[in-house]
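A.B. asks: Could you have a look at this structure, given as structure tokens, before my questions?
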Amino acid sequence: MPKRLLPLSGHGIGWPANRRILAVAIGLACLLAIAGTTAYVTGRGEQQRPSSASPSPASPGSSAPSREAREPGTGTGSVPRPPRISDPVAFGKAAAVMLWSYDTRDTSHEQQLAGMEAWMTEESRYSDWPSVSAQVPDPVLWSRMADQRQHATASASEGHYPSAFKQALAEDPSAITEAYIYAVTVTGKQRIAWAGGGSGAEGRSVTLAVQCRPSQDCSLVAIAPRVAP
């Protein structure tokens, strides 16, 4: 059976230690402070399996650069374009579906990465691209998956703000107004198929950091190391 793509790790993939923005799990600190240096810890591990509220931004923040210059085109294969929406939960669900979907039949390793990068925030001080790119297997494994014509589709059944994030926001509503970054937990299903009629399906969950500045389209910031309830 071919090795599966995009395992959302329950361990081994970390946000930058000093770029603490969100609450990412029960028992973790409420990560709402932002520091200037970063220490990336990336890796892969086994997938952790396991009614949305909408906090309103308190005031407009600084404008993010335009996304038009980096929207994907034909060079991103089957990876969809990021949706032009401003709701964090709706964007988080779309981003999760994108992360859980792939098609090695018509998308190269480079195209997969390029398509995913187009979803990322252009504000480099917040963007944790390694936590996202680490979800893609290396080129050798991708090639082996392509030999098996492996592909996956996905759906998102539910998205919400984690309880720790909502608590942190309630305690300090103004904290969101510097970066406008929201934690969103999404639950859904991934369906995988490969050559010879093989197929399978499994439930998936992920917590994402999503940036949605007022009057701006949302973008992806990071994948949390653990799913936050």
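The values are calculated or read from the model by the stated rules, or taken from the named source; none is laboratory data. Owing to the predicted nature of the structure, the values given are computational and were not obtained by experimental measurement. Backbone-built Cβ (ideal geometry, glycine too); neighbour counts: all protein chains shown. These accessible areas exclude ligands, DNA and RNA; they are computed on the full protein's heavy atoms, side chains included. Shrake-Rupley method; radii C 1.70, N 1.55, O 1.52, S 1.80 Å.
A.B. asks: Give, as ranges by residue number, the residues of segment 188-210 whose backbone N falls under 12 Å from the point 7 Å along Cα→Cβ of Thr177.
C.D. replies: The answer is none, because no backbone nitrogen lies closer than 12 Å to the label point.
A.B. asks: Could you please state how large a percent of the accessible area of segment 123-223 is carbon and sulfur, counting protein chains only and using a 1.4 Å probe?
C.D. replies: In segment 123-223, the share of accessible area belonging to carbon and sulfur is 48 percent.
A.B. asks: Rolling a 1.4 Å sphere over the protein heavy atoms, what is the accessible area per residue of segment 70-229, to the nearest Å²?
C.D. replies: Each residue of segment 70-229 exposes 37 Å² on average to a 1.4 Å probe.
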